[in-house]
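Reading through the structure tokens given below for one structure.
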Amino acid sequence: MDRRRFLLSSIAAGAAAAAATDGRVAVLLVDTDRASTPIDQRVYGQFLEHINHSVEDGLFAEQIRGAGFEGTDFETYWKPFAQRGAVELADLEFSNGKKSVRLRADDGRAGIRQGRIFVENGRTYDGSVWVRREQGSPELTLRVVGSKGEAIGSAPLAVTGAGWQEVRFSFTSAVRDTDASVEVEANGNGTALVDFVSMMRADVRRDGMLRPDLLEALRDLGPSFIRWPGGSFASTYKWHEGIGRYAARGYHPNVFWGGYSDYFGFGTDEFLGLCRKLNSEPLIVLAAPGTGRDQVEYAMDWVRYLNDPPSTEWGRKRAANGHPEPYGVRLFQIDNEPMNNGFTPERYAEIVNVYGARLRQIAPGARIVACGQKRSNDMAWSEKVIDLAGKNFDILGVHNYEYEPAGYESGLRRIRDYLVKLRDYVRASARPGIQLAVLEWNLSRTYDWRAGLHAAGSLMLYEELGPELTMTCPALLMRNTTDDPTWTSLIYHDHVSWFPGGAYPVAKLFRQHYAERHLASASGTVRDQENRNAFFEEIATMKPEEWRQDTVEAIATASADGRRLMIKAVNYEGRKNTLLARLQGSRAPERATAMLHTIAAGLTEKASLERLDALRVVSRRIEYSKDLALELEPYSVAVVEIRAQ
């Protein structure tokens, strides 16, 4: 039998169903007449941090690495070549940079080359090179060369007059090559300076500079909001250097995550463009290193850039960058994991009081997020921030990582315990209206199918804990396959394609089957019995036998109008279990269509660039009944979608 499929049977009303002597069942009673609780769609958010080349050399579609030769970029990404000529790195000012490349041709040629360029057949590519002629009249050319040495594209770089000039180029590739090279070469006699080289697909540049396949992968997750730019990266992010003309932005190696090159090509306006493409609400994380006036106003100027009308100083700057209308951002977080920066909860509460009060003044409609605990046992941090600064924020954002792969199920019990404690503390505090958010979560040390099972349990937990729990987003979202493997991700990419981590297909499946109201939940399994109807009809007096917690979780949700019902389930065990579900009440449909979607795999099974569909969803129509028996395959996730007719 195909282990990715479930067996589904209907339980005839009043009839007994045969049960295996060693079988175990989970029981989910769904009464559509009982009170339900809301599930905020922001439970299905995403978190885009500049880490492990998620953005630079990732979602941001720039093909050239080390575009401006700053830091060690020339040595890392470029190779010089010359014949009767020379190439050297020159220390001189260009825009925001301090280094350029000097090409000298002495009746010969000199140039620079970068490999690992991806071109597609029939695609047009464009870009530019900044050039300044120093001496003589060398002829400059940009070439793209295939992995076997064949010419793919070539464009002259014509320079007129003195001073720096941006020279644009364009070519159309007639081949597909994943390992082409780009060259900038000077021929003849003379010397020229070269800086800030850019190249990407022309249609992509016109449409937001986002890599199409990764954009589509993110679109399929349907993020209700996106948190950006970090993470730890946010604590030192210089937002002012990520706006304006691309070549004039700041160079900042990513000091938190490996020191790789970043010229801030993906900045504020690009992020807001991404959010608009995906119909996602932006959550901006403001750096808050202290309460000095300059520190506070630097953060507030970012808010002004985002939201001011074009008649103000920062509104005019935004308009000059091509965006006259205010973005209207309404979610702001005050830094990230401040304990990593040496702050005590008392000191961080002082920061929240200063930044939160200023945000209330300049963005009165905004929702302000403060940082709660980073570890589940650090209740004191969250409690002190609530007590000392609760009047100046609306949402407390905590982090929920499970670090041990073997804890893919058991870690969820620890996480549930502390979230319930935190919810109860908020209820009893002087600020009971504070909402909770889980702004980083994942099984963080593996991306195999255990991460998928953990994601299923996490998302069902977050759906269940509404209305106080209003926002969540997993981490990491994207990472390059060549980066530090410590932190795992939903999306793994190289410079050509991508594959899903274990949590990705679950997050996509659950988001596609989001419904606004929580109806019922079930946890654990009991020993099966011959008369399965007794689990429902004798529920008030029946004694569960051999109950076990670490087996099955299930949840039932419904759309606001009650015409769509969702049953989600996860089987954590390496054996089959059965979910018995009964729909009752006046809003339980008499006639409906039902679709079953399942994912099943071995615990350590994982996708790769060679096995893209290792964790695939299998979907099929099933017969609808108010009584359902779902046979859950080992290590599996299931969703049943019921639509009333």
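Were the residues from Val496 through Met379 laid out at 0.36 nm apart, the gain over their Cα-Cα distance would be 37.7 nm. Counting only aspartates and glutamates at least 8 places from Lys317 when in the same chain, those with an alpha carbon closer than 12 Å to its own are Asp269, Asp301, Asp308, Glu325. Rounded to 0.05, the FRET efficiency of the Phe81 and Asp207 pair, given R0 = 41 Å and the Cβ-Cβ distance, is 0.75. Normalised per residue, the accessible area of the chain is 38 Å², obtained with a 1.4 Å probe and no contribution from ligands, DNA or RNA.
Distance between Cα centroids, the range 610-645 to the range 50-88: provide it in whole Å. If you average the Cα positions of each part, the centres end up 47 Å apart. By the rule of a C-alpha distance below 26 Å, with chain neighbours fewer than 8 residues away ignored, the lysines paired with Lys99 are Lys79, Lys238.
When a 1.4 Å probe is rolled over the protein heavy atoms, the share of accessible surface on the chain that falls to carbon and sulfur comes to 47 percent. Counting only DSSP beta bridges whose two residues both lie in the range 429-504, roughly 35 percent are antiparallel.
Under 20 Å from the 7 Å Cα→Cβ point of Ala357, by amide nitrogen: which residues of the range 383-404? Output list for this probe position: 384-395. Estimated translational diffusion coefficient (Stokes-Einstein, Kirkwood radius over Cα pairs, 25 °C, 0.890 mPa s) of the chain: 91 µm² per second.
With 26 Å as the limit, the listed pairs Lys568/Lys606; Lys98/Lys148; Lys543/Lys576; Lys391/Lys508; Lys374/Lys421; Lys576/Lys626 have Lys98/Lys148; Lys391/Lys508 beyond it between alpha carbons. In the chain, the DSSP-assigned H stretches of four residues or longer account for a calculated mean residue ellipticity at 222 nm of -6000 deg cm²/dmol, using -39500 (n - 2.57) per stretch and the full residue count as denominator.
The values are calculated or read from the model by the stated rules, or taken from the named source; none is laboratory data. Predicted model only: the values in this text are computed from it and were never measured. As a convention, Cβ positions derive from the backbone with ideal geometry for all residues, glycine included, and neighbour counts pool all protein chains shown. The protein model used for the area step is the full one, side chains on, heavy atoms only, and it has no ligands, DNA or RNA in it. Shrake-Rupley method; radii C 1.70, N 1.55, O 1.52, S 1.80 Å.
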